[in-house]
Structures are given as C-alpha cells and as structure tokens.
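Quick notes on the structure that follows.
Each value in this text was obtained by applying a stated rule to the coordinates, not by laboratory testing. The shown structure was predicted, so the numbers you read here are calculated from the model rather than taken from an experiment. Here the Cβ positions follow ideal geometry from the backbone for every residue, glycine too, while neighbour counts run over all protein chains shown.
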Amino acid sequence: MAPVPTIKLSSGYEMPQVGFGLWKVDNPVAADAVYNAIKAGYRLFDGACDYGNETECGQGVARAIKEGLVKREELFIVSKLWTTFHDREHVEPIARKQLADWGVDYFDLYLIHFPVALEYVDPAVRYPPGWQYEGDEIRRGKATIQETWTAMEGLVGKGLVRSIGISNFQAQLIYDLLRFAKIRPATLQIEHHPYLVQQELLNLAKHEGIAVTAYSSFGPASFKRFNMEQVAEVGSLLEDETIHKIAAKYNRPASQVLLRWATQRGLAIIPKTVRPPHMACNLASIEFDLAEEDIATISAFNRGIRFNKPSHYFPTDLLWIFA
Ligand SMILES: NC(=O)c1ccc[n+]([C@@H]2O[C@H](COP(=O)([O-])OP(=O)(O)OC[C@H]3O[C@@H](n4cnc5c(N)ncnc54)[C@H](OP(=O)(O)O)[C@@H]3O)[C@@H](O)[C@H]2O)c1
C-alpha cells in the first residue's frame with residue numbers, strides 16, 4: 001500500500017490526507033470498525049460528540065494499541081465541540097469528557113462542529129444532546145464565536161488539543177474569526193462532493209493557509225437513511241454514468257474516482273464505511289491520478305446542492321445555518 005500523504009497544518013502538525021469518518025458508525029460495531037480501519041492502514045479518525053460513539057471508537061483504538069498495531073502518537077484523532085457547549089465555561093469540561101470517552105489525553109484536532117450556539121444541555125441529562133432542546137424545540141445559546149474560539153485556544157494552551165479548527169463555516173464568519181484569532185484555524189471541514197464544489201470557499205481557505213477536509217464525499221449516499229427528498233431528486237454519484245465512464249478509463253471503481261477528485265484538488269478526505277473491503281478501497285484511492293480534463297468534468301457536476309442542513313432532518317423554522 002502506498003503511504004498516505006500528509007498535509008502540513010498552520011499549527012505545524014502533519015495531518016493524513018485520507019482518514020476515516022465516524023458519523024453513523026453504529027455503537028455495536030464502532031470499536032471493530034476503528035480497529036479494522038487501523039489494521040487497514042488508517043491513522044486519522046474523524047469523531048464528534050454528536051456521533052454518540054466516542055467511547056466505542058476509543059475502545060477500538062485501545063485494542064489496536066494493546067495489540068501493538070499502532071502507537072498513540074501515530075494516530076491523528078479528531079473530535080468536535082457540539083453546539084450546546086459553546087459557552088466559555090463548558091468548552092474545557094466537555095473536551096475533557098470527550099478525551100476520557102476516547103481514552104486519550106489529547107486530541108490532534110478539535111473543531112467547532114457548527115457555527116451556531118445552542119442552549120446548554122447537561123450531559124447528565126442527555127448525551128449527546130442533539131439539535132433539539134426538547135421535542136422539536138430549538139433554543140439558541142448566547143455565546144459568540146469569539147467567546148467559543150478563545151476557549152478553544154485555551155485547550156491548546158493546556159495541551160488538551162494540538163490543533164483547532166472549524167466546520168461548516170462560510171466566508172463571512174471566517175473573515176470575522178481571523179480578526180480575533182490568536183491561533184488561526186488549522187482546518188476547515190465542509191460538505192464537499194461534485195454536487196457541492198464550493199470553489200470560492202476553497203480559494204479563500206487556500207489563501208488564508210487553512211487546510212480543507214471534505215465530508216460526505218459520495219454526496220447523497222450518506223443521506224439515504226434520512227429519506228430526504230433532496231436525495232431522491234438527484235442521482236447517485238456512485239452510479240452516475242459519467243463517473244463510471246471515467247472510472248473505466250482508469251480501471252478503478254466510481255468511489256475511488258470521487259475520492260481522488262477531492263484529494264487531487266488538495267482536500268483531505270474522511271470517507272465512512274463499516275465494511276473492510278470499502279475501507280481498503282477508499283484508502284487505495286490515492287494510488288492513481290485523474291487527468292485534469294476528468295477533474296474538470298467532475299467539477300462541472302456542481303449544482304450547489306447541500307444535504308447536511310438541520311432543516312433537512314427535522315421540521316424547523318428556527319435554524320437556518322446556511323441561509
Ligand atoms: N463536520 C460535519 O458536520 C460532518 C457532517 C457529515 C459528515 N462528517 C464526517 O465526514 C465523514 C464522511 O461523511 P459521511 O459519513 O457523511 O459520508 P460518505 O463518507 O460520503 O459516505 C458514506 C456512505 O458511503 C458508503 N460507502 C463508503 N465507502 C464506499 C465504497 N467504497 N463504495 C460504495 N459505498 C461506500 C457507506 O456505506 P457502508 O458503511 O455500507 O460502506 C456510507 O453509506 C463522516 O463519517 C463524518 O466523520 C462531518
């Protein structure tokens with residue numbers, strides 16, 4: 001297997017360009033998925049409070065370390081601050097809880113998951129807290145992004161996290177954050193696939209020295225289980241005829257073409273799968289190069305379609321993060 005390339009972050013640390021996504025990895029299989037992924041060669045794991053599986057993911061890590069497959073310092077563990085913990089006094093306690101769940105004493109990267117603060121929910125009451133306060137009720141919190149970012153910087157100072165970053169942020173707020181950040185965001189994690197290319201946001205990130213990680217690289221595939229009408233309206237990228245034609249040229253599966261399109265554009269990727277054959281396949285996507293004309297053909301799929309919006313998951317007139 002070819003070594004996984006790394007991206008040098010503004011924090012000075014190297015981040016693997018191909019990692020493993022942990023959203024919707026169900027609890028009973030999460031430990032095995034992480035363990036199998038380490039065996040397959042993954043070193044970066046993309047977790048979050050909201051995924052509700054950090055304890056089990058940590059168990060997979062512990063087993064791999066115990067068996068001598070890998071050392072902690074060879075792993076790159078990513079986690080995220082959930083929206084209900086944005087107040088300055090909640091950032092460190094929740095980061096410490098998440099570290100304890102993973103069974104590690106630092107995160108390599110800790111991201112603000114979404115640029116919106118919701119009202120605090122005590123982890124003893126409900127964990128993970130999710131979007132809704134109770135029933136369908138959304139209660140926004142009072143913390144500004146500056147308050148939250150300053151608290152994130154405090155985590156770096158205490159050695160609890162090595163790098164900090166943002167997710168689901170767009171240009172205006174990034175410019176604002178760069179005005180007050182003492183530590184600049186090392187990475188920006190965004191939804192990115194051929195239906196949502198976001199070239200201008202990528203240009204901004206490049207110019208500001210912020211590495212970008214793509215999530216939901218297979219587009220609608222990840223959102224099938226939510227019965228979203230937006231998914232039904234567009235075709236599957238994994239079954240798309242043009243993607244298949246390109247894939248046939250290289251004798252590669254469509255999945256690898258979608259992933260390589262992203263990494264050749266300079267992004268990191270974090271595909272999720274619970275199937276060992278898919279794990280190996282996704283990691284091997286770096287082993288070939290697409291021609292520029294094929295990259296351009298895939299980029300021309302862009303339709304500005306965003307699947308990962310709260311308003312797609314539950315009825316809400318109160319939370320329009322990407323409006
Ligand atoms: N920051 C955020 O707000 C945010 C939002 C969404 C996601 N993320 C992160 O990004 C990661 C990846 O995104 P995602 O989970 O939405 O979606 P994804 O990686 O685009 O797609 C996952 C889906 O594709 C299937 N799949 C994986 N490899 C495949 C292959 N080689 N061939 C065919 N099907 C394949 C998986 O099924 P099987 O498991 O059956 O293989 C699963 O249904 C997440 O797990 C999470 O870590 C972050």
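Which of Arg303, Arg72, Arg252 comes first, and how do the rest follow, when ranked by fewest Cβ neighbours within 10 Å?
Arg303, Arg72, Arg252
What does the net charge come to around Ile164 if you take all other residues with beta carbon closer than 11 Å to its beta carbon, with K and R at +1 and D and E at -1?
+2
What pairs in Lys249/Lys309; Lys8/Lys39; Lys8/Lys71; Lys80/Lys224; Lys71/Lys158 have C-alpha atoms more than 31 Å from each other?
Result: Lys249/Lys309 exceed 31 Å.
Using 1/(1 + (r/R0)^6) with R0 = 35 angstrom and r between the beta carbons of Val70 and Lys182, what's the FRET efficiency to the nearest 0.05?
0.60
Taking only C-alpha pairs under 8 Å that are 6+ residues apart, what is the relative contact order of the chain in percent?
18 percent
Which one, Ser299, Gly141, Leu319, projects farthest toward the positive side of the charge dipole computed for the chain from Cβ point charges (K/R +1, D/E -1)?
Ranked along the dipole, the leading option is Ser299.
Given a Förster radius of 41 Å and the C-beta distance between Glu239 and Arg96 as r, what FRET efficiency does 1/(1 + (r/R0)^6) yield to the nearest 0.05?
Calculated transfer efficiency: 0.40.
For the chain, modelled as a GNM with alpha-carbon contacts under 10 angstrom, which of Gln172, Gln132, Gln146 fluctuates the most?
Gln172
Mind giving me the FRET efficiency for Glu208 and Val274? R0 is 51 Å, r the Cβ-Cβ distance, nearest 0.05 is fine.
Once rounded, the FRET efficiency stands at 0.90.
Given labels modelled 7 Å from the Cα in the Cβ direction, how far is it in nm from Leu318 to Gln199?
Label-label distance for Leu318 and Gln199, simple model: 4.0 nm.
Kindly provide the helix-only [θ] at 222 nm of the chain, computed as the sum of -39,500 (n - 2.57) over DSSP H runs of four or more divided by all residues, to the nearest 500 deg cm²/dmol?
Taken over the chain, the calculation gives -11000 deg cm²/dmol.
Run the numbers for Lys224 and Thr6: contour at 0.36 nm per residue of separation, minus the present Cα-Cα distance, in nm.
75.4 nm
Quick one: net charge around Val212, please, counting Lys, Arg +1 and Asp, Glu -1 for every other residue with C-beta under 15 Å from its C-beta.
Neighbourhood net charge equals 0.
With a 10 Å cut-off between alpha carbons and a GNM built on the chain, which of Tyr175, Tyr215, Tyr51 moves the most?
Judging by the Gaussian network model, the answer is Tyr175.
Which shape class, rounded, prolate or oblate, goes with the chain when its Cα gyration tensor gives a ≥ b ≥ c as root eigenvalues, a/c under 1.5 marks rounded, and past that a/b bigger than b/c marks prolate?
rounded
Report the label-to-label distance for Ala291 and Gln170 in nanometres (one decimal), using points 7 Å from each Cα along the Cα→Cβ vector.
Distance between label points: 3.6 nm.
So how far apart, in nm, are the two label points at Ala300 and Lys142 if each is 7 Å from Cα heading toward Cβ?
5.4 nm
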